[in-house]
Amino acid sequence: MKDFKQIIAEEIVKVTDIEKGKILENLEVPKDPSNGDYAFPCFLLAKELKKAPAMIANDLQVKILENLKTNNENTEIANVIAINGFLNFKLNKQKIAEEVIKKFDEQKENFGSQKQENPKNIVIDYSAPNIAKPFHIGHLRSTVIGGALYNIYKYLGYNTVGINHLGDYGTQFGKLIEGYKRWGTEYDIDENPIDQLTKIYIRINNLCKEDENVLNACRDNFKKLEDGDSYCVEIWHKFIDLSLKEFNKVYEILGSKFDSWNGESFYSDKMHEVIELLEKSGKLEESEGAKVVNLEEKDIPPCLIIKSNGSTTYATRDLAAILFRARTYDFDKALYVTSYEQALHFKQVFETAKYLGLDEKYTKGLKHVPFGMVLSKEGKMSTREGKIIKLENLLNEAISKSKAIIEEKNPSLENKEEVAKKVGVGAVIFNDLSNSRIKDEIFDWDTMLNFNGETGPYVQYICVRAKSVLEKAGYIPETTTVDSSKLNDEDSKKIISILYTFNQTLQNVTEKEEPSILARYLINLAEQFSSFYNNCHILCEDKQLQDARLYLTYMVKVVLEKGLNLLGIQVPDKM
Ligand code: ARG
């Protein structure tokens, strides 16, 4: 698509000494769209020119308007206005409409996507629940945020690898094995694996506190597991299989996919290299019987590599994973999507990784993508008995609540079950993604299922409305019959501007690892379409007007549906 930002930058270059790259970097979209499509902040020039930004903006406005008039090129720029030290550019809406329609004709259902010549490699580590422990609401956030980033990077043409770094290793398995050995027959772990294993874990942990011998037996089990003892390995596998069966129910509902399921245990035979490399770097220090990497210089606590009892740690496995991922995927970026509670862990690991002798490319590409807590209206998310809510139940509750709403709003709808699934799950996902990820999220059914709020069901509903207009018309016009000059009402113009920035919006998501940028974009587009739908007759007497408006409707439908899909949400045909 013609890049209007480039065109604006060219005009600014003509009248200033700033490089084009810097101008492009600083061109922004004004908060109030009635001010213009792009704005250039003139305070950037204030120091050099020794003038107030407002004066600079006024001067530049005169010069650029003069140039546009005399050269008669770049007719894409309709006007330039100086406002409060900003140079605001209004684009020629008709030209944008032509560009958007042309691009749409080329890309159709893949509008906004990109193909890259030399795509960068992006590794995304997300979801990663722990074996024998509940798949909790924090893992849901990781799954949903990571999944959205994965889809968006892929759509933009990157080589993308999604990894589920399962928590399937560590000394706690020595304890679980001991508990299972002692009381396995008392618990029905096939029926309700996570609940039952959690109970066994609590019980054995208590016993360990009372009896040193039991604790030693647990340690011994973990040692045996590491050495490949067949009994211990067998029970451990059983824990993994049963837990995955339960986790997969959640993944099934969400539609989550991963390219790799290499969890922590995958690195059990790869940690010795980490230790050797750190020894070699001279950074591994003894500390009270343990081995640590001192990170005092960076003002962070030491990174524990080997505990005093000789076992490796969560951090050691993450370091081994960095080595493996650098070699296997040659990553340009490696993202880790977890709650902000792990910020220190990743700081320590990323600093320590600098001593593994890896190319700087890799250590620079490591990035923690933290997110906030999930809170209920009353505070922490838990049931009345203080037990952690089971995700599968939570998602099923979302589905049944949606079903009740649909039942009331549209009793004659077919496939209510299927629609309720898309709406209920979509509501939960959208709620998770619609605010900036670092903010704590409020989990409230009424808010997220409100068909008129800034919610998943609202965007789905507007998309379904666009679908039904197209269905009623019975055709999608050929672009050759679409006269974009017909789209000259305010609503259509606004929609065109929004569609024009779809690709840029997706790029912004990947720059900040922030799917909420896309979620907000979709709300904005849906609201704008709703206004268009109310103010303009789409199906009308004037065939040319109808074709133009129908094509606009088609584009909106594609972008809303694609945008939701990228967030991991499906759209029903009717609702
Ligand atoms: N299993 C961890 C947890 O539940 C998350 C793992 C995140 N990924 C990583 N490479 N450390 O908190």
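Brief remarks on what is shown
- q = 0.09, 0.21 Å⁻¹: log10 I(q)/I(0) that the Debye formula gives for region 440-575, counting C-alpha atoms only: -0.28, -1.30
- Computed on the Cα atoms alone, the convex hull of region 89-194 gives a volume of 187 cubic angstrom per residue.
- Share of carbon and sulfur in the accessible heavy-atom surface of the chain [1.4 Å probe, %]: 47 percent
- Accessible surface of Tyr38, taken over heavy atoms with a 1.4 Å probe and every protein chain present, rounds to 20 Å².
- log10 of Debye I(q)/I(0), alpha-carbon scatterers only, for region 253-351 at 0.12, 0.16, 0.23 Å⁻¹: -0.44, -0.75, -1.41
- Segment Asn565..Thr75, full-extension length gain: 172.8 nm, with 0.36 nm per residue of separation and the alpha-carbon distance subtracted.
- For the residue pairs Lys31/Lys108; Lys20/Lys50; Lys181/Lys291; Lys175/Lys224; Lys401/Lys422; Lys409/Lys543, alpha carbon separations beyond 23 Å are given by Lys31/Lys108; Lys181/Lys291; Lys409/Lys543.
- Point-charge dipole on Cβ atoms (K/R +1, D/E -1) for the chain, about Cα centre, debye to 20: 740 debye
- Inter-label distance for Lys298 and Asn415, nm, one decimal - labels placed 7 Å from Cα along Cα-to-Cβ: 5.0 nm
- Scattering profile of region 165-316 at q = 0.10, 0.15, 0.20, 0.22 Å⁻¹ [log10 I(q)/I(0), Debye over alpha-carbon scatterers]: -0.45, -0.92, -1.25, -1.36
- Per residue accessible area of region 334-429, 1.4 Å probe, in Å²: 52 Å²
- Counting only heavy atoms of the protein chains and using a 1.4 Å probe, Glu99 has close to 20 Å² of accessible surface.
- Counting only Cβ charges, +1 for Lys and Arg and -1 for Asp and Glu, the dipole size of region 467-575 around its Cα centre is about 140 debye.
- Using alpha-carbon coordinates, inclination of helix 391-409 to the longest axis of the chain, degrees: 40 degrees
- Extended-chain gain in nm, criterion 0.36 nm per residue less alpha-carbon gap, Leu65 and Ile202: 41.9 nm
- FRET efficiency for Asn488 and Tyr340, using Cβ-Cβ distance with R0 set to 51 Å, rounded to 0.05: 0.60
- Low-density loop positions, GluC sites (Glu not before Pro), region 510-575 - DSSP coil, at most 16 other Cβ in 10 Å: Glu541
- For region 69-145, the solvent-accessible area with a 1.4 angstrom probe is 45 square angstrom per residue.
- Nearest 10 degrees, 0 to 90: helix 343-353 Cα axis against the chain principal axis: 80 degrees
- Helix-only [θ]222 nm of the chain, DSSP H runs n ≥ 4, -39500 (n - 2.57) each, per residue, nearest 500: -18000 deg cm²/dmol
- Separation of the Gln114 and Thr479 label points, Cα + 7 Å toward Cβ, nm: 2.0 nm
- Beta bridges per DSSP, both residues in the chain: antiparallel share near 50 percent.
- Dimensionless Rg ratio for region 458-536, taking C-alpha atoms and the 2.2 N^0.38 Å reference: 1.23
- For region 1-133, averaging the sequence separation of C-alpha pairs within contact (under 8 Å, six or more residues apart) and dividing by the residue count gives a relative contact order of 21 percent.
- From the largest down, the chain spans 89, 66, 42 angstrom on the principal axes of its Cα atoms.
- Neighbourhood net charge (12 Å Cβ-Cβ; Lys/Arg +1, Asp/Glu -1) for Glu76: -2
- In the chain, Cα pairs under 8 Å separated by at least six residues give a relative contact order of 14 percent.
The values are calculated or read from the model by the stated rules, or taken from the named source; none is laboratory data. This is a predicted model, so every value here is computed, not measured. Cβ: placed from backbone, ideal geometry, glycine included. Neighbour counts: every protein chain shown. Please note that ligands, DNA and RNA were not included when accessible areas were found on the heavy atoms of the full protein model with its side chains. Shrake-Rupley method; radii C 1.70, N 1.55, O 1.52, S 1.80 Å.
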